[in-house]
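Here's the structure we're looking at; comments come further down.
Bear in mind these aren't lab numbers, they're just calculated from the coordinates by the rules spelled out. In this text, all values refer to a predicted model and were calculated from it rather than measured experimentally. Quick reminder, even Gly has a Cβ in these numbers, built from the backbone with ideal geometry, and neighbours come from all protein chains shown.
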Amino acid sequence: MTLREACLYGQRRLEEASVPDADVDAWYLLEYSSGCTRSHYYAYPEEELTQEQEKSFQERIEKRAKRIPLQHITGVQEFMGLPFFVNENVLIPRQDTEVLVEEVQKRLRPGMRFLDLCTGSGCILISLINGCPGVEGTGSDVSWKALEVAERNRKRLEPGAKLIQSDLFSEIQGDFHIIVSNPPYIKRGEISELMEEVRLHDPLLALDGHEDGLYFYRRIVTESPAYLKKGGSLYFEIGHTQGEVVAQMLEEQGFCEIEIVKDLAGLDRVVRGTYPE
Ligand code: GLN
């Protein structure tokens, strides 16, 4: 099979399986299986794959046709320009979450301490430290399996990051200038409606926000004042319908300078507030 044939074959097979963006995923799997770059592909489309490359490409296409996420096949998702290792034990980092990181970056200064609750792959923790050298960042997660993934990313990308197993604040000590979290926020009843890649392959623990989707916001908002420095800030990623209600929780808890920030699609995505002096 030539590179061009492989690309077309992969695309057709994924289209048959109704995989969204079949052409893009077929290309990524070809690149991953053959090591061929875009420019090489355009210069030598008739180059033959080795038998081994062809076999591993076909196996990966079959996996993707079964709706296994691309990132679980390649083991990588890029986030804030960094390559994060991922597997089925963590939520695959979403581009939407970059809005949260960018908002936190506006306040984060060298010397500050921040906490990332529900760190998952560690993508928020590690990209914040990467973007602001001199900060002290701790990530926590209730899941040991998620922490194994975060640990792998920490070692390779930001060895100075700290990780701790904790059910939200249960094992957390000290106080922070900033607390950030992208907690599970899908309503339990809506999980069955998510696309197959998410519903079957992202960990349920990382999606499930209990009955109304707001369980973790409620707990973090009420418990965070004990862990925030005066004048410190709390930042959440939220589902696009949750902005007003989470902002109201912050207000009732005495936070000020509350803001709702939209993502690139114009949907509410981040809520922040300051714990008053
Ligand atoms: N904080 C991680 C992320 O943004 C995990 C979020 C989660 O598991 N809900 O990817």
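Summary table
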| item | result |
| --- | --- |
| Anisotropy class of region 127-277 from Cα gyration tensor, a/c 1.5 cut | oblate |
| The chain, helix-only ellipticity at 222 nm - DSSP H runs n ≥ 4, -39,500 (n - 2.57), divided by all residues, nearest 500 | -12000 deg cm²/dmol |
| Radius of gyration and Dmax over the Cα atoms of region 50-196, both given in Å | 16.9, 57 |
| Region 208-217 - phi-based ³J(HN,Hα) in whole Hz, Karplus 6.51/-1.76/1.60, Gly and Pro as x | 6, x, 6, 3, 9, x, 10, 3, 6, 4 |
| Overall Cα dimensions of region 98-137, principal axis frame, Å, largest first | 24, 18, 14 |
| Three-way shape label, region 157-223, alpha-carbon gyration tensor, a/c 1.5 | oblate |
| Which listed pairs, of 162/262; 106/262; 187/262; 63/262, have C-alpha distances above 25 Å, in listed order | 162/262; 63/262 |
| Sorted by Cβ neighbour density within 10 Å, fewest at the top, the residues 106, 187 | 106, 187 |
| Percentage relative contact order, region 152-224, counting C-alpha pairs under 8 Å, at least six apart | 32 |
| Candidates 99, 261, 245, ranked by Gaussian network fluctuation over the chain, Cα under 10 Å, top entry | 245 |
| Alpha-carbon centroid distance for the pair region 81-110 / region 6-40, whole angstrom | 26 |
| Protection proxy ranking of 140-150, 120-130 - average other beta-carbon atoms within 10 Å, highest first | 120-130, 140-150 |
| C-alpha long axis of helix 22-34 to longest principal axis of the chain, angle in ° | 80 |
| Prolate/oblate/rounded label for the chain (Cα gyration tensor, a/c 1.5) | prolate |
| Angstrom value of the Kirkwood radius, inverse mean 1/r, which spans all Cα pairs in region 15-107 | 15.1 |
| Largest-first principal axis extents of the Cα set of region 213-277 (Å) | 34, 21, 16 |
| Under 5 Å, built H, 5+ apart or other chain: amide partners of residue 79 | 84 |
